[in-house]
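Read through the structure below, which is laid out as structure tokens, and then see the notes.
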Amino acid sequence: MTAIAERQQAQGAQPGPLAAVRKATEGARDHLLALQDTTGWWKGELATNVTMDAEDLLLREFLGIRTVADSDAAARWIRSQQREDGTWATFHGGPPELSTTVEAYVALKLAGDAPDAPHMKVARDWIQANGGVEATRVFTRIWLALFGLWDWERLPVMPPELVFLPPQVPLNIYDWGCWARQTVVPLTVVAHFKPVRPIPIGIDELRTGAPDPATAPLASWAGLFQRADRALHVYDKLHRKPGRKAALRRAVEWIVARQEADGGWGGIQPPWVYSIMALHLMGYQLDHPVIRTAIEGLEGFMVREESPDGPVRRLEACQSPVWDTALAVVALTDAGVPGDHPAIVRAADWLLDEEITVPGDWSVRRPGLKPGGWAFEFANDGYPDTDDTAEVVIALRRAARDADEDRYQRLSGAIDRGTVWMAGMQSKDGGWGAFDADNTRELITKLPFCDFGAVIDPPSADVTAHIVEAFALEGKAHCPESLRGIRWLLDHQEKDGSWYGRWGANHVYGTGAAVPALVEAGVARDHPAIRRAAAWLIEHQNPDGGWGEDLRSYKDKSWIGRGESTASQTAWAMLALLAAQEEGAHPRAEAVRAAADRGAAYLAATQRADGTWDEELFTGTGFPGDFYINYHLYRLVFPLTALGRYLADRLVEAT
């Protein structure tokens with residue numbers, strides 16, 4: 001029996017809503033404990049959309065290693081994700097997305113699906129009605145150009161000479177966010193070669209014949225860069241291009257130096273596949289150790305399952321063991337699991353081994369800062385991030401609660417290095433980005449080939465909040481960096497009382513991070529910012545007691561705070577309300593308390609028999625407006641955290 005249950009029994013508590021919440025908490029706790037790997041980590045699947053699988057088949061075709069078995073298994077998965085209107089979306093329940101639908105169609109046709117099959121015809125009709133292949137994003141048309149299905153001359157030039165620009169000069173590679181930087185450098189190599197490897201299919205049926213868009217006015221950045229691109233096209237056709245060979249060598253050296261132990265680049269799909277292609281075009285054979293390790297590493301990102309129609313395979317865009325493990329430790333300890341529990345000890349030991357002790361690209365902007373952070377993935381020493389580091393610091397401190405002296409010192413040493421590194425990564429405006437400091441030059445976003453997703457890494461409310469919370473829990477709420485972070489958060493609260501969520505959907509996530517951090521850092525619960533945030537959450541609670549926010553809120557403000565209830569988003573809202581709860585029996589405090597009660601009841605009522613929750617809707621964000629994630633562990637760790645804190649809070653009230 002838990003301490004909470006024992007206390008309630010001693011007080012003569014009768015079965016009721018609180019008992020149901022306690023039962024749900026215990027079920028979630030036990031389910032999460034059972035998911036831990038024997039080496040100490042947790043990892044849930046990171047689900048995205050079928051572009052991962054379509055591009056995997058196209059990559060294998062490009063390299064000449066595509067097999068019938070791989071094609072059939074991937075095609076089954078892609079077909080299973082098609083909707084009745086013939087389209088594919090970037091998130092479950094989302095609107096049709098043209099580029100995703102085109103890539104899925106091409107991959108299925110490559111895998112052998114007949115173009116006159118009903119599912120292909122309905123997809124083709126929709127594509128034609130929505131602009132055709134001409135209206136797809138640049139990256140989709142690059143994939144088509146690799147196989148002669150699009151003309152390289154109708155794509156923006158990406159000159160490899162970019163690698164020579166020093167960090168002080170605008171448009172240098174360090175102006176991109178780390179994920180975009182690692183993608184752009186190999187793409188400049190691919191674009192130099194303009195390879196065409198014909199395949200036995202065509203896509204004329206996807207063309208509308210529409211001309212390229214008109215040139216924007218010269219007075220605009222878009223117009224200026226379009227004209228510059230024309231000049232680069234002329235230069236690109238010259239037989240002799242001074243510095244080109246040196247630029248290609250530099251780019252290759254840059255790429256190879258950043259390959260990780262698992263064979264990948266940055267632990268994410270885009271730079272991984274483009275780096276393989278770039279190196280292969282530069283003469284690296286498939287049996288070269290760099291290429292061989294890279295291709296083998298992709299297998300570790302493959303999810304294979306059986307379906308009624310046969311085997312299916314899908315590719316994870318990334319993996320999140322460090323993030324998942326830190327969140328699991330926080331959730332379990334919030335649910336009453338002690339710091340010396342074997343599961344917590346194993347997790348902490350694994351996290352200690354994952355500390356990054358070497359410089360990465362972040363040191364270009366912070367050359368004097370000592371390493372001390374954590375990355376998101378199993379292998380990504382080049383790109384630790386401040387968000388993971390904050391959560392790991394919090395988790396390790398939980399693990400240190402019941403540690404012996406030697407273990408306490410080891411944990412504290414890693415915590416101290418992490419907090420020093422985070423402090424050094426603060427941007428000039430007082431906030432924190434995820435991977436780089438002061439990665440805020442928006443000029444890079446105006447380039448013609450930057451038409452997909454976020455390409456810079458400016459400070460965000462959710463990341464800044466997690467770091468402020470970590471500092472506060474370490475007794476550093478009044479250090480200069482924390483005070484500047486608090487001011488940044490207060491200055492960036494939305495007019496409606498919420499905070500924008502960069503890495504989670506969306507304002508519910510941002511608010512669920514900001515409020516607990518601010519309160520932990522000493523901002524009073526009756527502060528206007530906290531009260532406005534609580535009022536916003538109460539206003540946006542669904543009739544069923546939960547919270548949800550559709551990912552369309554990133555593009556359409558009418559969706560902000562609106563959407564079908566999910567377990568993870570309900571938990572985020574509850575975390576904020578529990579932190580915002582004022583003492584006393586006045587109407588405002590009662591409203592906050594009642595909203596949290598309804599949220600807890602929703603989680604208890606919707607829990608599955610095995611202790612977790614169903615959550616088909618995506619609640620994670622990769623690139624706002626373009627790329628989204630369903631973290632399969634979010635539906636478990638965040639509800640457990642919220643329910644654990646809810647029970648602890650109500651127990652305190654009862655006494």
For the pair Glu299/Thr39, report the inter-label distance in nm, with labels modelled 7 Å from Cα in the Cβ direction.
1.6 nm
If the chain between Ala257 and Glu616 were fully stretched, how many nm would it gain, using 0.36 nm times the residue separation less the Cα-Cα distance?
125.4 nm
Amide H contacts of Gly504 (H built 1.01 Å from N, under 5 Å, at least 5 apart or other chain)
Thr621
Out-of-range pairs (alpha-carbon distance over 31 Å; input Lys23/Lys43; Lys194/Lys555; Lys428/Lys495; Lys370/Lys476)
Lys194/Lys555
Relative contact order of the stretch 50-155: what whole-number percent is it, with Cα pairs under 8 angstrom and at least 6 residues apart?
27 percent
Treating cross-link reach as a plain straight distance, find the lysines whose alpha-carbon is under 26 Å from the alpha-carbon of Lys121, omitting any fewer than eight places away in the same chain.
Lys109
Could you tell me how many degrees, from 0 to 90 and to the nearest 10, lie between the Cα long axis of helix 528-539 and the main elongation axis, the longest principal axis, of the Cα atoms of the chain?
80 degrees
Quick one: 3J(HN,Hα) in Hz for the stretch 181-196, Karplus 6.51/-1.76/1.60 with θ = phi - 60°, rounded, Gly and Pro as x.
4, 5, 7, 5, 4, x, 5, 5, 5, 4, 5, 4, 6, 6, x, 9
Residues meeting the amide H criterion for Gly148 (H placed from the backbone, H to H distance under 5 Å, 5 or more places apart or on another chain) are Arg197
Apply the Karplus curve 6.51 cos²θ - 1.76 cosθ + 1.60, θ = phi - 60°, to the phi angles in the stretch 60-70 and return the couplings in whole Hz, x for Gly and Pro.
5, 5, 4, 7, x, 10, 5, 10, 4, 5, 4
Can you put Val463, Val337, Val106 in order of Cβ neighbours within 10 angstrom, beginning with the fewest?
Val337, Val106, Val463
Assuming 0.36 nm per residue, please report the length gained on full extension of the stretch His478 to Asp204 beyond their Cα-Cα distance.
92.3 nm
Going by how many other Cβ atoms sit within 10 Å of their own, how do Ser320, Ser460, Ser363, Ser71 line up, fewest first?
Ser363, Ser71, Ser460, Ser320
Angle between the chain longest axis and helix 461-473 axis [Cα atoms, degrees, rounded to 10]:
40 degrees
If I fit a long axis through the Cα atoms of helix 321-334 and take the longest principal axis of the Cα atoms of the chain, what angle between them do I get, 0 to 90°, rounded to 10?
10 degrees
Taking R0 as 25 Å, what FRET efficiency do you get between Lys23 and Ala594 from their Cβ-Cβ distance, rounded to the nearest 0.05?
0.70
Roughly how many Å is it from the Cα centre of the stretch 292-322 to that of the stretch 327-379, as a whole number?
25 Å
Can you find, among Gly497, Ala534, Leu575, the residue farthest towards the positive end of the dipole of the chain? Put +1 on the C-beta of Lys and Arg, -1 on that of Asp and Glu.
Gly497
Could you put Val169, Val329, Val157 in order, starting from the residue whose Cβ has the fewest other Cβ atoms within 10 Å?
Val169, Val157, Val329
Average Cα contact separation per residue, the chain, under 8 Å, 6 or more apart, as relative contact order %
16 percent
In whole Hz and in residue order, list the ³J(HN,Hα) couplings for the stretch 629-637 that follow from phi through the Karplus curve 6.51 cos²θ - 1.76 cosθ + 1.60, θ = phi - 60°; x for Gly and Pro.
9, 10, 7, 5, 8, 4, 5, 10, 5
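Each value in this text was obtained by applying a stated rule to the coordinates, not by laboratory testing. Nothing here was measured: the structure is a model prediction, and the numbers come from that model. Note that each Cβ is placed from the backbone with ideal geometry, even for glycine, and that neighbours are counted across all protein chains shown.
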